[in-house]
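Worksheet: the structure to be examined is printed underneath.
The numbers here are math on the coordinates, done by the rules we state, and not lab data. Note that the coordinates shown come from a computational prediction; the quantities given were computed from them, not determined experimentally. Neighbour counts are summed over all protein chains in view; Cβ atoms, including those assigned to glycine, are modelled from backbone coordinates with ideal geometry.
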Amino acid sequence: MSSPLSPAFARRTFLKGIGATIALPFLESVPLAAAARPLIGTSAKRLLCFGVTLGMHPESWVPSGTGNDFKLSPLLSPLADLRDQISVVSNIDHPSVSGGHKGAPAFLSGTYLPERIGESIVINNSITLDQKVAPILSRDCRFESLQLSATTKPGDAFSWNQKGIPMHGDGSPESVFKKLFVNDADPAATERRIQVGQSVLDAVLEDSALLARQVSRADQDRLDQYMTSIRDVEMQIERQRAWVSKEKPSVKRMALTAPTYHANLQLMMELAALAVQTDSTRTLSFSLPGGGLPIDVDGIRVNDYHGQSHHGKDPKVVAELVAIELAHMKVFGKFLQRLRDTSDGDSNLLETSQILFGSGLGNGSSHSNRNLPILLAGGGLRHGQHIACPEGTPLTNLFVTMMQRLGIDEDSFAGSTGNLNNEIA
Amino acid sequence: MARVPLPFAARVAALACAPFAPASTDIAQAFADNIDPFVTANCVKCHGDEKQKGDFRFDELSRDLNDPATAIYWMDVLDIVEIGDMPPEDAKDRPSNEALSAFTNTIRGALRAVAAAHNKLERPEIRRLSHSAMDHTVQDLTGVALPLSTDLPPDPLVAGFDNIAETMTISQEVMAQLQKNAHRVAQFALPADQNPTFAKTFADKDLGVGKAVFNLGDFRAAFSNKNLSHAFYPADFAAPFPGYYDVEVLGFAMDNREIIYPNGLPDPLPLARDKRPLRKRIPANKPRYVQIRALAVLPDGSIPQGSGAAPPPARTAGEFQIAPKAEIHRQRVWLDAGETFYLQYGSGIRQNNAPIVEYKGKQVPIGEAIYVRAIGIAGPVQIQWPLPLVELTQAPDASPEEKITALLTRTFRRPVDATTLSLYQALFDERYAQTNHETAAYRQVLEAALCSPRFLFNYDDGPANQSWATACRLSYFLWNSMPDGELFNLAATGDLVDPSIVGQQARRLLADPRAQRFVEDFTGQWLNTRHVGKMVPDAKRFPTYDKNLEDAIKTEPGAFFGEVLRRNLSVSEFIESDFAMLNERLADHYGIKGVSGSEFRSVKLPRKSPRGGILGQASVLTATSDGTRTSPVIRGIWVLENILGGHVSPPPADVKPLEPDVRGALSIREMLEKHRTVETCSDCHKKIDPLGFALENFDPIGSWRDSYVVRKTEDRPASRSPIDASGQLPDGTEIDDFASLQQVLLAKCDRFAATLTDKLFVHAMGRLPTIHEKHVLEDLLAAAAPQDYRLADLVVALCQSPAFLNAEASAPTDPVIAAISR
């Protein structure tokens, strides 16, 4: 029952009407031309991005030799079996990004917008590669994108949405498992809850419009942001409604707790693989933060990962750092193998995924954002090579090639000056 | 040099002041008479065509103070000359003090005149509640300690504060989570059930134990292990209501090897089931802790067991120290509805299977163990029952419309107009029609109200409502929460525009226990003590650092600030004081004897103790270290920014950052000396480094040290090298050691008082002061100077200032301005 005083209720009924006639109301938000473009010349249909907060020790990362004859570096040695399915790109970074740790979240955006407020610097960001492609790649999936993390430490977010708001990774296997695979116990109740929630949002949105008339013009801008966020929640709810009564994929039960950083990393990567395998999403970002769980390397407890990254070239500390990073790569290597060993139609999951592994820090010890460690794997790209770019090549040139190989019709991304089609496509 | 890098300048200006109107010709004349000759004689040689030291040149700097960016530059010029950084001490023909003050007075006068003329332009005042403010408000509104900010992404810090209006944004992520949380709050603020308060003792069969716990008659014993099989818990318990519960544990922890083997351990040692002997032990004087781990019960009411060897996911809700004698330990923990908890002995020797021997006719496990007799639970505590909103919505003789109006007025902290009321009334009607249940319908109204911008924001909505806006500004500044009844009543009378009434209220609020929320919130951000514990000190190098010490370290600044505020002492106490606020653990850490117990109290310090004032507090010293080593640069910047109100720009982008290289065994002093030979680095580092070096006698956890430990490497053994804490400031002042740094800073107490007042302003208003407001603050400080800047007086004066009251400022009184504006 609705009150004549409240046009909001009428509007909601209208929205409901659309929901009934179009199966997937969120399609509206997808640029149709892009969405409709067929994926020609590539088998890759999803994008998986992995970011390491503290970078990779450059001397142990960069392979020797270039082209097809390159020799794997110590940190890449766990990927020896996959040598022909990976490529390493060096001398590549975001030329306009600096600021050390503060610049690192620009890894997937290429944008670094320091804003000075008084004596403090707040870093703004803009849309990241994964979020750019997510509405297109994942349009038929339950989740437009997933953000995962090796631990629950709220480290850098590697995904930022259209409005430059960070999307933090979930590092809890329990919660991710639940989100992906545990069915809603009472979808009818959830449906009712969604409806009630919409009433609340409608009323509140209308109340905001009233308040906006009472405050100064300068204050209205800030209220606008608030109202936009409510409309966004309403959009999100539409997608949720479309999926609420559909059964989630069922997977084998698994242990969901892990005591150490790398045990948890392995668990989260398995969940990432399952999310891909069940087509729950086609866009995923995964962060490896600088701590959050105890790190055991070969049975030895390493206490202070961030401290190790500032090794001051002390050989003992460098060895500890490289051991931590090698442990990352071992788990990542297993993940790639897991994808390769899982079939996807006539192909396998590795062939049908485009995978980027890297960091926004080139050298953690000196807080440098130059020469980022970049590794590619999976389908749609030419692999088995070490590409040494001319110094200062924008990483976003590579992003352009990646998008094109995902069938997305774009020829630029955040400050790109071209593409790497000749090198890797 | 405190210069704003160009790309940012416009931004700062937009925040700091609105665009200016045309300048008066008097200002142009004053510049021609006093400024230009001075600049030509003293400045342009280094900041002109030839050289551009500090990336700054006077010859291209506009004189048009109407341009906000230009005004900012001139403010920086004023600052730097007043601090004494410029002209340099070693300059030839340094101008006389008279010439310097004529120069600074002219700039100040011109800035004041221009700023005052333009202060009235519109600026945003609307400000979202910070996370802590949301939670305190919900607690005061509903009487239930139910966080509304759960799982919200953290707000970014600006100048160390998380309550700056500019960056407290609302996104889809925030909004979706807020609505979820508001829904939960509404369920418990208007519950269906009666008073859930209860008290119960869980002993004998009611004391749940894991399968590896030994039954020794009255007591049950367990070893240190994270697995639930070694845990104790209250059987069949789940918190009926979210809130704080008092948990009591009767128990002790001990290593029984000395008792069983009074004449020394036998050889061979008895073996555990895994065939390993029990050799390890923990020093008797090392404190032992028990954790209270909270987790949700399963649908059947039982406690989750975890999978395999892994414990179930749980959070640490509390922790207490345990000794070898049986006593009752009391802890207040927050439990959500449906949560239970288990006790875990976290600091014993990790052990799965104890060797069992026969002792006095009993099978006894040997080793370090925790012994528990009973667990008691009482709560929820700190809850007003009946809940205030239950009382409100069940009031007899009131119509739903009246009740909704009352509910909204409290939640929105404002009178509610008819149109707004009708929106929430419609929501009520809709829900009531669906459920035929009044409470459900009121819950719906409350949920929506908590999501409304009228709840989430504080704002000014015109002169008619000024008293309401001021009531909120006062209560959110000094209580970090909503106004109480007295403030609401005053707001309704419209009297909260009168500075003397506002002053009385400010003093009343400061005297209330809720003022401690302001103290914690402000000190945590101002002194960055929230940072303590984020980089856990290396356990091998700092074996005394544990959770208990960390808690004490984090508590000290708030206790100290609270004491200075309560006693209305001078802010100079923050630089040097003859007392400290300590408990036993922290006093031990500082090597101060005669303090026992965990309560913080005022302790008279021994003569020459470095612990008086904030710079000798472990919180600041730990927060400015990385857990492994100290950094004179970080500490120096801290002192410069937080005590002296200076600021340094980040290293220029074209300077290659130092990649630390410890292989040459350079000391930090040698490394920085090398760094200072580079001219671009030297300008800032000669200001920063001496301040930081003076703190080098404090190690990364704030303990006093007289020498460094030089780590051994392959080609040299470990050794010690003495600490040199001396240095020289750019104005030539010599610093010998920490005590002399304190004296140097005391002499600059005016600057410190200004810095602190500036931070208080930012905290109170959620934005930086405009240029004009900076001048108002200067006047306020000048008035407080004769009483040595008493803290409570400063806070009250700030509440009475025109900015705080959103009133027009009185005309400037400075004679120079008067002269210029004539």
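What spacing in nm lies between the two simple spin-label points modelled at A:Ala188 and B:Gln384, each 7 Å away from Cα in the Cβ direction?
In this crude label model, A:Ala188 to B:Gln384 measures out at 4.1 nm.
Per-residue ellipticity at 222 nm for the protein assembly as shown, helices alone: DSSP H runs ≥ 4 residues times -39500 (n - 2.57), over residue total, nearest 500 deg cm²/dmol? Mind showing how you got there, number by number?
Details: 41 runs with 487 residues, N = 1247.
Calculated at 222 nm, the ellipticity per residue is -12000 deg cm²/dmol.
Find the all-direction average of the projected area of the Cα convex hull for the range B:374-500, expressing the result in square nanometres with one decimal place. Walk me through the intermediate numbers first.
Working: hull surface 45.3 nm².
If I average the Cα hull's projected area over directions, I get 11.3 nm².
Would you work out the relative contact order for the range B:677-795, in percent, from Cα pairs under 8 angstrom that are 6 or more residues apart?
The normalised contact order for the range B:677-795 reaches 17 percent.
Round to the nearest 0.05 the FRET efficiency obtained for A:Lys163 and A:Asp221 when R0 = 22 Å and r is the Cβ-Cβ distance. Intermediate results must be reported in sequence, preceding the final value.
Numbers: r = 14 Å, r/R0 = 0.64.
Calculated transfer efficiency: 0.95.
Report Rg (one decimal) and Dmax (nearest whole number) for chain A, counting Cα atoms only, units Å.
Looking at chain A, its Cα Rg and Dmax stand at 22.8, 75 Å.
State the extension gain, in nm to one decimal, for the chain segment bounded by B:Thr493 and B:Ala539, taking 0.36 nm per residue of separation less the distance between their alpha-carbons.
On the way: separation 46, 0.36 × 46 = 16.56 nm, distance 5.91 nm.
In short, 10.6 nm is gained.
Take A:Asp84 and B:Asp67, extend 7 Å from each Cα along the Cα→Cβ direction, and tell me the distance between the two endpoints in nm.
Modelled inter-label distance: 6.5 nm.
Can you list, largest first and rounded to whole Å, the semi-axes you get for the range A:236-297 by taking the square root of 5 times each eigenvalue of its Cα gyration tensor? Let's see the in-between values first.
Numbers: eigenvalues 159, 41, 23 Å².
Here the semi-axes work out to 28, 14, 11 Å.
Can you give the extra length, in nm with one decimal, that the chain gains between B:Lys92 and B:Arg315 once fully stretched, where that is 0.36 nm per residue apart less the Cα-Cα distance?
Working: separation 223, 0.36 × 223 = 80.28 nm, distance 6.50 nm.
Between B:Lys92 and B:Arg315, full extension yields an extra 73.8 nm.
Give me the one-decimal Kirkwood hydrodynamic radius in Å for the range A:274-425, with the sum taken over alpha-carbon pairs. List each step's numbers first, then the result.
Details: mean 1/r = 0.0565 Å⁻¹.
Over the range A:274-425, the inverse of the mean reciprocal pair distance is 17.7 Å.
Taking 25 °C and 0.890 mPa s as the conditions, I'd like the Stokes-Einstein D for the range B:285-386 in µm²/s, using the Kirkwood hydrodynamic radius from alpha carbon pairs.
151
What percentages, rounded to whole numbers, describe P(r) for the range B:479-573 computed over all alpha carbon pairs with 5 Å bin width beginning at zero?
Going out from 0 Å in 5 Å bins, the range B:479-573 shows 2, 11, 17, 17, 15, 12, 10, 7, 4, 3, 2, 1, 0 percent.
Tell me, in nm to one decimal, what length is gained between B:Asp715 and B:Thr40 on full extension, where the rule is 0.36 nm per residue of separation less the Cα-Cα distance? It would help to have the intermediate numbers written out before the result.
On the way: separation 675, 0.36 × 675 = 243.00 nm, distance 5.70 nm.
Extra length available between B:Asp715 and B:Thr40 comes to 237.3 nm.
Report, ordered by chain and residue number, the aspartates and glutamates lying within cross-link reach of A:Lys313, taken as a straight Cα distance under 20 Å and ignoring same-chain residues fewer than 8 apart.
Within reach: A:Glu59, A:Asp304, A:Glu325, B:Asp538, B:Asp626, B:Glu659, B:Asp661, B:Glu670, B:Glu673, B:Glu714, B:Asp715.
For the range B:327-434, count all C-alpha to C-alpha pairs, find those more than 17 Å apart, and express that count as a whole percent of the total. Working shown, then result.
Working: 4309 of 5778 pairs.
The calculated P(r) of the range B:327-434 puts 75 percent of pairs beyond 17 Å.
Can you run phi through the Karplus equation (6.51, -1.76, 1.60; θ = phi - 60°) for the range B:333-340 and list ³J(HN,Hα) in whole Hz, with x for Gly and Pro?
10, 8, 10, 7, 4, x, 9, 10
Once Lys and Arg get +1 and Asp and Glu get -1 on their Cβ, which of A:Asn264, A:Val176, B:Leu343 lies farthest toward the positive end of the dipole of the protein assembly as shown?
B:Leu343
Let me make sure I get this right: for the range B:557-625, a, b and c are the square roots of the gyration tensor eigenvalues over alpha carbons, sorted descending. Under 1.5 in a/c it's rounded, otherwise prolate if a/b > b/c, else oblate. Which is it?
Values: a/c = 1.42, a/b = 1.18, b/c = 1.20.
Because its axes are fairly even, with a/c under 1.5, the range B:557-625 counts as rounded.
Give me the distance in nm between label points sitting 7 Å out from Cα along the Cα-to-Cβ direction at A:Ser343 and A:Ala323, one decimal.
4.3
Beyond 22 Å, what share of the Cα-Cα pairs of the range B:127-240 remains, rounded to the nearest whole percent? All intermediate terms of the calculation are to be shown ahead of the outcome.
Numbers: 3698 of 6441 pairs.
The proportion of pairs with Cα distances above 22 Å equals 57 percent.
Which FRET efficiency value, to the nearest 0.05, is calculated for B:Ala418 and A:Glu174 with the Förster distance at 51 angstrom and r the Cβ-Cβ distance?
Details: r = 48 Å, r/R0 = 0.95.
Computed FRET efficiency for B:Ala418 and A:Glu174 comes out at 0.60.
Under a Cβ-Cβ cut-off of 12 Å, what is the net charge of the residues other than B:Leu490 that fall near it, where Lys and Arg count +1 and Asp and Glu count -1? Write down the numbers at each step before the final one.
Values: positive: B:Arg508; negative: B:Asp484, B:Glu486, B:Asp495, B:Asp498.
Net of charged neighbours comes to -3.
Angle check, please: helix B:547-566 long axis (alpha carbons) against the longest principal axis of chain B (alpha carbons), in degrees 0 to 90, nearest 10.
50
Taking the Cβ of A:Leu79 as the centre, find all other residues whose Cβ is under 12 Å away and add up their charges (Lys, Arg: +1; Asp, Glu: -1).
Values: positive: A:Arg83, A:Lys330, A:Lys334, A:Arg340; negative: A:Asp81, A:Asp84.
That sum, taken over residues with Cβ under 12 Å, equals +2.
Cα extents of the range A:321-397 along the three principal axes, largest first, in whole Å?
Computed over the Cα atoms, the extents are 45, 30, 17 Å.
Where does helix B:68-83 land angle-wise versus the long Cα axis of chain B, in degrees 0 to 90, nearest 10?
80
Would you please state the base-10 log of I(q)/I(0) at q = 0.09, 0.11, 0.13, 0.19 1/Å for the range B:178-314, with intensities from the Debye formula using one equal scatterer on every alpha carbon?
These q points yield log10 I(q)/I(0) values of -0.43, -0.60, -0.78, -1.35.
Taking a ≥ b ≥ c as the square roots of the Cα gyration tensor eigenvalues, with a/c under 1.5 meaning rounded and otherwise prolate when a/b beats b/c, else oblate, which class fits the range B:67-216? Before the final figure, lay out each step's value.
On the way: a/c = 4.20, a/b = 2.38, b/c = 1.77.
Cα axes put the range B:67-216 in the prolate bin.
Give the range of the longest stretch in chain B that excludes all GluC sites (Glu not before Pro) found in loop regions by DSSP and having at most 13 other beta-carbon atoms within 10 Å.
Details: sites that count: B:Glu50, B:Glu60, B:Glu122, B:Glu599, B:Glu714, B:Glu808.
The longest such stretch corresponds to B:123-598.
Just list whichever of B:Lys540/B:Lys593; A:Lys102/A:Lys163; A:Lys132/B:Lys759; B:Lys92/B:Lys687; A:Lys330/B:Lys712 have alpha carbons separated by over 30 Å in the model shown. Spell out each step's value before the answer.
Numbers: B:Lys540/B:Lys593 26 Å; A:Lys102/A:Lys163 18 Å; A:Lys132/B:Lys759 40 Å; B:Lys92/B:Lys687 20 Å; A:Lys330/B:Lys712 32 Å.
Going by Cα-Cα distance, A:Lys132/B:Lys759; A:Lys330/B:Lys712 fall outside the 30 Å limit.
In chain B, what is the volume of the convex hull around the alpha carbon atoms, normalised per residue and reported in Å³?
Numbers: hull volume 167.8 nm³, N = 822.
That works out to 204 Å³ per residue.
Which value, in Å³ per residue, describes the convex hull spanned by the Cα atoms of the range B:518-601? All intermediate terms of the calculation are to be shown ahead of the outcome.
Numbers: hull volume 9.2 nm³, N = 84.
Dividing the Cα hull volume of the range B:518-601 by its residue count gives 110 Å³.
Take the alpha carbon gyration tensor of the protein assembly as shown, find the square roots of its eigenvalues, order them as a ≥ b ≥ c, and report rounded if a/c is under 1.5; if not, report prolate when a/b exceeds b/c, else oblate. Let's see the in-between values first.
Details: a/c = 1.18, a/b = 1.15, b/c = 1.03.
In terms of gyration-tensor shape, rounded.
Rg and Dmax of the range B:30-150 over Cα atoms: what are they, in angstrom?
Gyration radius and largest Cα-Cα distance of the range B:30-150: 22.6, 69 Å.
Whose amide H sits under 5 Å from the amide H of A:Leu113, counting only residues 5 or more places off or on another chain, with H placed in the peptide plane?
A:Asn124
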